[in-house]
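To start, the structure under review is shown below, and the notes come after it.
The values are calculated or read from the model by the stated rules, or taken from the named source; none is laboratory data. The structure presented is a predicted model; accordingly, all values stated were derived computationally and were not measured. A quick note on method: Cβ atoms are made from the backbone with ideal geometry, for glycine too, and the neighbour counts reach across all protein chains shown.
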Amino acid sequence: MNESESRQRIAANWAAVEDAVRDAMSVAGRGVDEVRVVGVTKYVTADVAAMLVEAGCHELGESRPQQLWEKAEALAQLDAIHWHAIGHLQRNKVRRTLNFRPTIHSIDSLRLLRAIDQEASAQGIEVTALLEVNISGEQAKTGFAPDDLRAALEAYSGDAIRLNGLMAMAGRATSGATAREQFASLRRLRDELESSTGRRLSELSMGMSGDFLEAIAEGATIVRIGSRLFAGILNEP
Ligand SMILES: *Cc1c(COP(=O)(O)O)cnc(C)c1O
């Protein structure tokens with residue numbers, strides 16, 4: 001596939017995802033501006049990611065900090081990209097990551113929360129972040145256990161992080177129905193935490209290529225979509 005074909009394919013994929021999101025929001029009785037689509041670029045080079053931005057996606061996500069730095073630097077000339085750090089973040093990578101002012105979806109420990117707070121204070125910035133929750137109970141998944149969230153929220157007394165929601169992934173190879181139950185449980189958990197801690201946790205980052213329709217039905221405010229945007233570009237089995 002040559003460059004212009006790739007560009008066309010990505011534009012078509014983006015339009016199809018936008019349509020699907022709009023339909024799902026309408027079915028759920030929600031306004032289309034109540035959800036944001038983060039285009040996850042971890043499968044592709046910065047050049048290909050740039051095609052997605054040209055197609056109209058201005059929120060990009062990376063799961064590995066190093067890839068976020070590289071792409072954010074490579075795409076710095078394109079206007080108005082907002083980055084999302086969606087994967088495990090080691091504390092020694094916090095400083096450099098914050099340079100790009102991302103929304104951080106994947107705070108999975110109190111130690112990381114405090115490290116980000118400290119660095120954000122030092123840089124004199126406010127960081128928007130979400131707590132990652134292990135809703136599937138799988139060992140391999142990162143994130144707070146649901147029962148530990150309240151204590152973490154109560155233990156955080158800093159003011160450099162705007163902690164405004166929760167992020168989760170459905171378990172591996174779950175059916176749509178199971179994913180939907182897991183997303184519903186994240187929403188209920190959010191509701192309980194809002195009433196027990198008095199904090200507003202308006203963002204629910206949940207739903208990927210295979211389950212974003214279920215996530216939207218359960219109240220997702222951010223969906224993180226990768227492979228579907230690059231279908232036809234990637235070498236698929
Ligand atoms: C890779 C990834 C996604 C996107 O997954 P797709 O199934 O390719 O859409 C979303 N969220 C996280 C945390 C990821 O690592």
Scan the stretch 161-191 for residues that are in contact (Cβ under 8 Å) with a residue 40 or more places away in the chain and either surrounded by fewer than 18 Cβ atoms within 10 Å (Cβ to Cβ) or among the acidic types (Asp, Glu) (or both) and jot them down. SER185
In the stretch 18-36, what residues are surrounded by fewer than 21 Cβ atoms within 10 Å (Cβ to Cβ) and under 17 Å from the mean Cα position of the chain (by Cα)? GLU18, ASP33, GLU34, ARG36
Can you name the residue in the stretch 186-212 that is in a helix (DSSP H, G or I) and among the hydroxyl-bearing types (Ser, Thr, Tyr) and is also nearest to ILE104 (Cα to Cα) among such residues? THR197
All positions within the stretch 38-78 that are in contact with a strand residue (DSSP E or B) (Cβ under 7 Å, 6 or more places away or on another chain), aliphatic (A, V, I, L, M) and over 20 Å from VAL21 (Cβ atoms): LEU68, ALA72
Qualifying position, being more than 24 Å from VAL37 (Cβ to Cβ), under 18 Å from the mean Cα position of the chain (by Cα), crowded, with 16+ Cβ neighbours inside 10 Å and not hydroxyl-bearing (Ser, Thr, Tyr), among PHE144, PHE212: PHE144
Looking at (1) touching a Leu at 6+ places or on another chain (Cβ under 6 Å); (2) more than 17 Å from THR103 (Cα to Cα); (3) among the hydrophobic types (A, V, I, L, M, F, W, C), which is the only condition LEU166 fails? (2)
Residue among SER175, SER195 that alone is away from the ligand (no atom under 16 Å from the Cβ) and among the hydroxyl-bearing types (Ser, Thr, Tyr): SER195
Could you say whether any residue in the stretch 223-234 is surrounded by 19 or more Cβ atoms within 10 Å (Cβ to Cβ), within 16 Å of the ligand (Cβ to nearest atom), more than 14 Å from the chain's Cα centre (by Cα) and modelled with pLDDT of 95 or more? yes
Among the residues of the stretch 193-200, is there at least one that is free of Cβ contacts under 8 Å to residues at least 40 places away in the same chain and over 25 Å from GLU59 (Cβ atoms)? yes
Hits in the stretch 180-203 - residues which are of a type in the set (A, V, I, L, M, F, W, C) and within 15 Å of PHE144 (Cβ to Cβ): LEU186, LEU189, LEU193, LEU201
Leading residue by the ranking (farthest from LEU131 (Cα to Cα)) among those in the stretch 178-203 that are touching an Asp or Glu at 6+ places or on another chain (Cβ under 8 Å) and of a type in the set (A, V, I, L, M, F, W, C): ALA179
Being more than 16 Å from the ligand (Cβ to nearest atom), of a type outside the set (S, T, N, Q) and farther than 15 Å from LEU166 by Cβ, is that true of even one residue in the stretch 128-139? yes
So is ALA24 of a type in the set (Gly, Ala, Ser), assigned to a helix (DSSP H, G or I) and either modelled with pLDDT under 95 or closer than 23 Å to LEU204 by Cβ (or both) or not? yes
Just need a number here: residues in the stretch 142-200 that are of a type in the set (Phe, Trp, Tyr) and over 27 Å from ALA28 (Cα atoms). 2
Before we move on, is SER4 within 24 Å of GLY232 (Cα to Cα), hydroxyl-bearing (Ser, Thr, Tyr) and under 15 Å from the mean Cα position of the chain (by Cα)? no
Out of curiosity, is GLU62 away from the ligand (no atom under 16 Å from the Cβ) and either over 24 Å from GLU5 (Cβ atoms) or among the acidic types (Asp, Glu) (or both)? no
